[in-house]
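All of the numbers you see were taken from the coordinates with simple rules; none came from a lab. Nothing here was measured: the structure is a model prediction, and the numbers come from that model. Note that each Cβ is placed from the backbone with ideal geometry, even for glycine, and that neighbours are counted across all protein chains shown.
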Amino acid sequence: MTGPVGTQLPGLNPAAGGQMLEVRDLHVEIAARHGIVRAVDGVSLEVASGEALGLVGESGSGKSMTLRAILGVLPPEATVTSGQIVLDGVDLVPLSTSDMNRIRGPKMSMIFQEPMSALNPVMRVGNQIAEGPRVHLGYNKAKAAERALELMRRVGIPDPERRFRAFPHEFSGGMRQRVMIAIALSCDPEIILCDEPTTALDVTIQDQILRLLARLCKESNVSLIFVTHDLPVVAQLCQRIAVMYGGQLVETGDVRDVLLDPRHPYTLGLVRSAPDAELVRESLVPIPGAPPSLVTPPSGCRFHPRCAFVEEDCKVLPTPLRELPGDRSTACLHYERTEEALAAERAGS
Amino acid sequence: MSAISFPEPALATEPVEHAQPRPRRWYRQPALASGVILLAIILFAAIAAPLLTSYDPIKENLGQSLLGPSGHHWLGTDQTGRDTFSRLLYGLRTDLRIAFIAVLFPFCIGTILGSIAGYFGGWVDTVLMRLVDIVVAFPFYVLLIALVFVLGPGESSIYIAITLVGWVSYARIIRGEILVAKRQDYVVAARSGGLSSVRIIARHLLPNVITQAIIYAMSDIVQDILAIVTLGYFGLGVPPPTADLGSMINDGQNFLTTHWQLTTFPGLAVVVVGLSLSLIGDGLADLIRPGQS
């Protein structure tokens, strides 16, 4: 049996409490020259306290836009047109910038893909870490510096007293990402949004960073939304997974259920196209075709032009997420076809 | 059931790269080095003027008017018997002081307004940039002389006029730089950290973009010195009897055929000051702009 599901890292607390962050029917539109891009088109997510949610999909599927919308840092040409983002019972969408600034940092923070460009090149890293506590926790300079040193120790930066005064270009990629994590943790947030934080790192460093994240999140009971296109990473770190395609969610559920037993042909395609370290596949199976245009998306199911199991009704009927038994959901009208194909494949091999 | 197995790498012992580019030393830049040395000499001469000459630059001595260069009066005296060398040093002092102060106001105001326009965009940007267009539509010297004429001669008029005319260049430079820089990840990261716009501009954006304005300020000082000398020449500068290079040139030109040193040396002083500042500006630009040796 093949699948990218790896061993779960010890760490994240699977028995999580109530929903801490809830995204309801989020729509994000980008005004572009060739029309309005519906980058996020009716996405609903839930993250419980202490839970890690993996958000996966191809480039341009709206993962990063969803994250940036949650944090309220969309690029100027993008706007949230409808939907709610509820954090601890408060809808964030109508909040002003200054109100959001009391949430960004102490309640939510973000880790970026490129640690080099996400750190200020002309500011000492210690000051960058200490800035959050100074602004949000009201620390004085000495206390904030002390906090920064403690965080640098926690994220495993050697010799923090000396590294405090260094500039980002003096750090390696992995060390920079540790600095980013220290910044994200600096005000004790409840949830950290991770935008492909390991994509720019090589695999051994990747693993170190993932383990670090898992450990730190357990220590401080932080929730994660982890955006990536790397399925093994999701399998390693997350309890739940949400698969995005063309700005919409196509499948959600427990990470093992979804990756081992996909109920959507797109998820199946993703799993098949992911390299597997242990069972070296004879060949990776690519998903044919290209991602859909988000200006004029295909009618019906957005995946239908690329789907192997396409039926006539897929081309016309809307495909909202439907609840399935086992606390999971799929947008596929004919998800049994995926199950059957998978069963046939397993019987054959 | 497949599983991706991972080795157990030691945490927190990753060696840190020291990939610092070889620093480019400022003194290896011939332009910058010669400019700095030249300016240092000029500044020393201006600041140490009371030590270098024993003559009062203002006190008239009609019995000794229009003397030629000699051991007592190195550059001779003017029509009221004042020592030309002394007046030259004190004139440099006045003009340099006014120029360095005058460049600060448009630098600060232009930087602040440019940051606001570039960072916030929208109608603020539109209004500010139309204002810039209006000022830019007039030639620099024409607008400057007109403003000083309206405000009346004197040091404060010079500051006000140079500020009103000069801020636009800084605003344009900083706005353009901020427009590019604000899209960088570190600005999005700063916003994600819940920092206020003022803090993001002051602590994150400006340190990254201010060098361009500083380079421009070097050439702007040259322009300001020329403007101050020009105003002095027209009698719109510092009121007499204070020594000023512009009024010295004007006073001396009546005697150009007989006492050429009265106009030539103040003129040369202006040229040398301008040259040193231009060299520094060019050198700084080379030093700071990447990809150049």
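Tabulated data for the structure shown
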| read-out | value |
| --- | --- |
| Cβ-based exposure ranking for A:Lys107, A:Lys63, B:Lys59, in which fewest neighbours within 10 Å come first | B:Lys59, A:Lys107, A:Lys63 |
| Pairwise label distance in nanometres, B:Phe105 with B:Val135, each label 7 Å out on the Cα-Cβ vector | 1.1 nm |
| For chain A, calculated [θ]222 nm from helices alone, where every DSSP H run of n ≥ 4 adds -39500 (n - 2.57) | -9500 deg cm²/dmol |
| Descending principal axes extents, the stretch B:20-140, alpha-carbon based, whole Å | 68, 44, 22 |
| For the stretch B:178-228 versus the stretch A:28-75, the gap between their alpha-carbon centres in whole angstrom | 31 Å |
| Kirkwood-Stokes translational diffusion coefficient of the protein assembly as shown, alpha-carbon pairs, 20 °C, 1.002 mPa s, µm²/s | 73 µm²/s |
| Ratio of the Cα radius of gyration of the stretch B:42-288 to 2.2 N^0.38 Å, where N counts its residues | 1.22 |
| Order of A:Met110, B:Met218 under a 10 Å beta carbon neighbour criterion, fewest first | B:Met218, A:Met110 |
| Estimated FRET transfer efficiency when R0 is 25 angstrom, pair A:Val90-A:Leu137 (beta carbons, to 0.05) | 0.80 |
| Crossing angle, helix A:125-136 versus chain A [Cα axis fit, 0-90 degrees, rounded to tens] | 90 degrees |
| FRET efficiency, 1/(1 + (r/R0)^6) with R0 22 Å, evaluated for A:Arg102 and A:Arg153 via beta carbons | 0.20 |
| Folded to 0 to 90 degrees: helix A:141-154 orientation relative to chain A principal axis, Cα | 50 degrees |
| P(r) histogram, all alpha-carbon pairs of the stretch B:83-177 included - 5 Å bins from 0, percent | 3, 14, 19, 19, 16, 12, 8, 4, 3, 1, 1, 0 |
| Ranked A:Glu251, A:Glu196, criterion: other C-beta atoms within 10 Å, fewest first | A:Glu196, A:Glu251 |
| Cα-only radius of gyration and Dmax that characterise the stretch A:62-139, units Å | 14.1, 40 |
| Over the stretch A:119-184: Rg over Rh, Cα atoms, Kirkwood Rh | 0.93 |
| Helical contribution to [θ] at 222 nm, DSSP H n ≥ 4, -39,500 (n - 2.57), averaged over chain B, rounded to 500 | -21500 deg cm²/dmol |
| Estimated distance in nm for a label pair at A:Asp188 and A:Ser273, the labels positioned 7 Å out from Cα along Cα-to-Cβ | 4.4 nm |
